[in-house]
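The values are calculated or read from the model by the stated rules, or taken from the named source; none is laboratory data. Because the structure is predicted, anything quoted here is derived from the model rather than measured. As a convention, Cβ positions derive from the backbone with ideal geometry for all residues, glycine included, and neighbour counts pool all protein chains shown.
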Amino acid sequence: MTDLVLTEKQGQVLVVRINRPDRKNALTHAMYTALGDAVEQAHADADIRCVLFTGNDECFTAGNDLSDFAAGLPGDFEETPVGRFLFLLACANKPVVAAVNGPAVGIGTTMLLHCDLVFAGNNTRFQMPFANLGLCPEGGSSLLLPTWLGRVRAAELLMLGSAFTAEDADRLGLINRICDPADTETTALDACHKLAAQAPAAIRATKELLNRPTREQLKDTMLAEGEQFAERLKSPEAAEAFKAFMEKRKPDFSKFD
């Protein structure tokens, strides 16, 4: 387990902390491996009844580390570190809670779609800038967001890729509560302990039933997204977007069809 992802048991709750503050908690392949390992740990340990994902008071995650992802994905999507983590998260049978502050970019937003409860600080800025980077949606977002919000709202979030606030996320029904950033993790952890005190089999059955309507379609969507995402990483559009990011300028897509 890399020290960039820390795990700690607090009672029957496994706290998984993204811990790379100097890079705004940007996620590398190794960090995705550690995140997936944490989900597997929770599944295997009968004493763990709930998982909490968090960062710190100022940042959840700025998304993928572009320097790590510019070379593409190693192998079939489902077997890559990021694909493995997303599928483990989507298939988790125990409740998953998130405490989010500051930037929650890309997968920092889409992973929340697989959490059962989400608490966000009033400093949170959500964003899914996939198209801005010459990429495409991931994490099942192209299925779950239209299903939950309607197609036009999902298209606005995924095609324009603009940032939106905790107040926007609350209005859209994507989070449970807005908190003071200093209280977000404590509030989320309190919810985790309440979930851990519930009848565990009843909670697992409830979660399974909530996920049942989209379970098979979600798997197909995530595989299709992953295949497209891997191809997009190798595209000239993505190369231009990544270069522009490094040069701190807007990408120029005018020459592409």
Within segment 14-34, restricting to residues that are under 16 Å from Val105 (Cβ atoms) and within 14 Å of the chain's Cα centre (by Cα), the one that is surrounded by the most Cβ atoms within 10 Å (Cβ to Cβ) is Leu27
Residue, nearest to the chain's Cα centre (by Cα), within segment 35-57, restricted to residues that are farther than 17 Å from Val118 by Cβ and of a type outside the set (A, V, I, L, M)
Gly36
How many residues does segment 215-257 hold that are part of a helix (DSSP H, G or I) and either in contact (Cβ under 8 Å) with a residue 12 or more places away in the chain or farther than 15 Å from Leu135 by Cβ (or both)?
26
What number of residues within segment 172-201 are hydrophobic (A, V, I, L, M, F, W, C) and farther than 24 Å from Ala46 by Cα?
6
So, in segment 76-96, of the ones that are touching a strand residue (DSSP E or B) at 6+ places or on another chain (Cβ under 8 Å) and farther than 15 Å from Lys219 by Cα, which residue ends up surrounded by the fewest Cβ atoms within 10 Å (Cβ to Cβ)?
Lys94
Count of residues meeting criterion [surrounded by 15 or more Cβ atoms within 10 Å (Cβ to Cβ) and under 17 Å from the mean Cα position of the chain (by Cα)] in segment 58-75:
9
Checked Val82, Val96 against criteria (farther than 22 Å from Arg177 by Cα, of a type in the set (Val, Ile, Thr) and either out of contact with any Lys or Arg (no Cβ under 8 Å at 6 or more places or on another chain) or modelled with pLDDT under 95 (or both)); the one match is Val82
Considering only residues that are within 13 Å of Ala38 (Cβ to Cβ) and either among the hydroxyl-bearing types (Ser, Thr, Tyr) or over 19 Å from the mean Cα position of the chain (by Cα) (or both), which ones fall in segment 2-12?
Thr2, Thr7, Glu8, Lys9
Residue tally, condition within 17 Å of the chain's Cα centre (by Cα) and within 17 Å of Ala98 (Cα to Cα), over segment 142-169
3
Can you tell me which condition Gly134 does not meet? The list is (1) touching an Asp or Glu at 6+ places or on another chain (Cβ under 6 Å); (2) surrounded by 21 or more Cβ atoms within 10 Å (Cβ to Cβ), and all the others hold.
(2)
Which one is farthest from Leu113 (Cα to Cα), of the residues in segment 145-183 that are of a type in the set (Gly, Ala, Ser) and touching a Lys or Arg at 6+ places or on another chain (Cβ under 9 Å)?
Ala163
Considering every residue within segment 153-163, establish whether at least one is buried (at least 16 other Cβ atoms within 10 Å of the Cβ) and farther than 23 Å from Val82 by Cα.
no
Pick from segment 221-257 the residues that are of a type in the set (A, V, I, L, M, F, W, C) and surrounded by fewer than 14 Cβ atoms within 10 Å (Cβ to Cβ): which of them is modelled with the highest pLDDT?
Phe256
